[in-house]
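Written below as structure tokens is the structure these notes are about.
Throughout, read-outs are computed from the coordinates displayed, never taken from laboratory work. Everything numeric in this text was worked out from a predicted model, so none of it was measured. Cβ atoms come from the backbone with ideal geometry, glycine included; neighbour counts cover every protein chain shown.
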């Protein structure tokens, strides 16, 4: 992975084979002012692009990642064991066709994969922000990515596409800049979390915040991290990303022991699976970033925050029938609120056994829907 | 609360006002042999009784408590702030009418409320069992309560009644002793957990087992306890005990802050509520008991363990339409398996907004159903 500052650099020549991650500094001409009024004096944003920007600059598609995603949406990094997280959707001939579109994918503000976040150095002290990193709002995620688009010289987006948190960001963006996005594709998204959604999120955060190794967010200074809490948070959240049916089909009641040989420690295959999910998450995610990226979802309420905005965007919504994290009712709420404002919006519920995580997979019809929404 | 050893003592004279907790030693004539083959040389069981046993000893109803319940099912302990957990169901004129029935309620083996468990002294060492307490099976819960009935001189039960884990214990009991229980009432119970049920249980246990203060189960010797893990386990489990609808109606999106004043720490009312649930649980529950009482549910598979048993018991099953921990499908599975063996069984799904915890509450029709199942 190479990094170049400031300059967008040439787009990759239609290839999503080996991918370059780029980084831009957004605050060369002044601080970033957040929705809370807090400011960040130095903001960098890490991003990748796939495909070529037309001379008319009218074929850009912005991809917004989900909670634990990152800018690496497609193609292969040198030496990587797996491609980008939406590689099945982005590429030559795929729904986000890189022979046609210039796809931009950027890390979220507050994350831990290149864009400024709590583990980045605070220019005021030279040390990591840690707990001094300001609380974020969905609007701030958008502000940073708007800045990236400006930096890349892209005035209008052919489309913005996102799943889960990414879809929520797309909605916020379309309401923040009602003339900038021609098409918006929101997959398994929400315009307002349920109380139960917030409850799950609250327990995940409590697991981190109350881990003795959290040290009030100064864990890096103590040379530790709240691994226990972050692992448990991830294990719990993972259950909500999949369906009961898919867990049953994948693992059933298979276990290591048999008959009357039973034990308290992990024994069932589903337990080993969740342990693996939790452990591997620790290698790639930061606890403070987890707090900062989950919390804006709890507060998200864009139709209240932007009461009179009527975006020119055409919306395409997808939900999955087995998704119990953001069930179809969430998408219908978005559809109804947009339609009530006279905005063009279509919604389709896709049959899929895999729950919320279906947005990362290929249930029949899903990718074709995204393709058609992109026009 | 007074404690008397060995002797059952006189039944309370029809009153469930102030309650006496009694304790019996079950292993005066030999060790208790568990399903795993492990043995316990000294087992005490704490129990309460309400109502009077008839001279014919034919009016006993055994109440089996759920995961975090205890023997104190009804009436008031001296100075208590709340009555027993099933006080709305047990008492004079109530569904479990103490003017008619002699109700027995006993703590589970492995628990932390008087019956022998991991925090009880190991006769071999004089210290608490801690991690040396043997892994339990649903059958062991029954074995201990069978012993209590023998000790009380009760040959047949008019009925056994239980909710959630308690209902599972009743089912195991009816299959273990097919001629001893005339009527069984199983409320919001299961005969086999789903993979998703096991997954939630696994994360709760992981939160405890991997808390640095767990110390391999020897936390008492270290003068600490895995408070963080136990609290998170309880907070998470609590979400599964209630319905999304009831959380939404009770707490909505109410929060301490308003407008753009947002924070990472607890803010929404539902967060404070879960925090309270977690904190107050620490005052009354032990982490090792939590492990020992949850695990037998994961392994529970009584129709496989007792393949040819046809109990003479008449079964009454109740499930609640908003219960997503043990949805109606669990009760239907029990009904169908029993019916296939020619056992008399009835099932009713009760409409209730409160999810799994409905078994502790009074949704319309529920208590009348229990009353009618009791004949």
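Miscellaneous remarks
- Each other copy holds its own label point for residue A:126; taking that point as 7 Å from Cα along Cα to Cβ, the gaps run 6.0 nm, nearest first.
- Seen through its C-alpha gyration tensor, with square-root eigenvalues sorted a ≥ b ≥ c, region B:14-66 comes out prolate because a/c lies at 1.5 or above while a/b is bigger than b/c.
- The share of alpha-carbon pairs in region A:196-296 lying farther apart than 22 Å comes to 39%.
- Counting every alpha-carbon pair across chain A, the share separated by more than 37 Å comes to 18%.
- Residues B:286, B:323, A:41 arranged by fewest to most Cβ contacts within 10 Å: A:41, B:286, B:323
- Length added when fully stretched, residue A:361-residue A:253, from 0.36 nm per residue minus Cα-Cα: 36.4 nm
- Protection proxy ranking of A:191-198, A:166-173 - average other beta-carbon atoms within 10 Å, highest first: A:166-173, A:191-198
- Mean separation of Cα contacts under 8 Å (6+ apart) over length of region A:146-252, as relative contact order %: 19 percent
- Pairwise centroid distance, computed over Cα atoms, of region B:68-116 with region B:289-326, Å: 21 Å
- Treating r as the C-beta distance of residue A:263 and residue B:312 and R0 as 25 Å, the FRET efficiency rounds to 0.10.
- Comment: the Cα-to-Cβ extended label point of residue B:283, at 7 Å, lies 4.5 nm from its counterparts in the other copies, nearest first.
- Adding -39500 (n - 2.57) for every DSSP H run of four residues or longer, then dividing by how many residues chain B holds, sets the calculated 222 nm ellipticity at -10000 deg cm²/dmol.
- Nearest-first distances (nm) between copies at residue B:272, label 7 Å from Cα via Cβ: 4.6
- Overall form of the protein assembly as shown per C-alpha gyration tensor (a/c, 1.5; a/b vs b/c): prolate
- Legend: ranking of residues B:246, A:319 from fewest to most surrounding C-beta atoms inside 10 Å; resulting order B:246, A:319.
- log10 of Debye I(q)/I(0), alpha-carbon scatterers only, for region A:259-335 at 0.13, 0.16, 0.17 Å⁻¹: -0.75, -0.95, -0.99
- Gyration tensor verdict on region A:63-209 (Cα atoms; rounded if a/c is under 1.5, prolate if a/b is larger than b/c, oblate otherwise): rounded
- DSSP beta bridge pairing in the protein assembly as shown, given as percent antiparallel to the nearest 5: 30 percent
- Normalised by 2.2 N^0.38 Å, where N is the number of residues, the alpha-carbon radius of gyration of region A:11-136 equals 1.16.
- Region A:243-274 and region B:132-186: distance between their alpha carbon centers, rounded to Å: 26 Å
- Given R0 = 45 Å, the distance between the Cβ atoms of residue A:321 and residue B:146 translates into a calculated FRET efficiency of 0.45.
- Relative contact order (percent, whole number), chain A, Cα cutoff 8 Å, 6+ residue spacing: 16 percent
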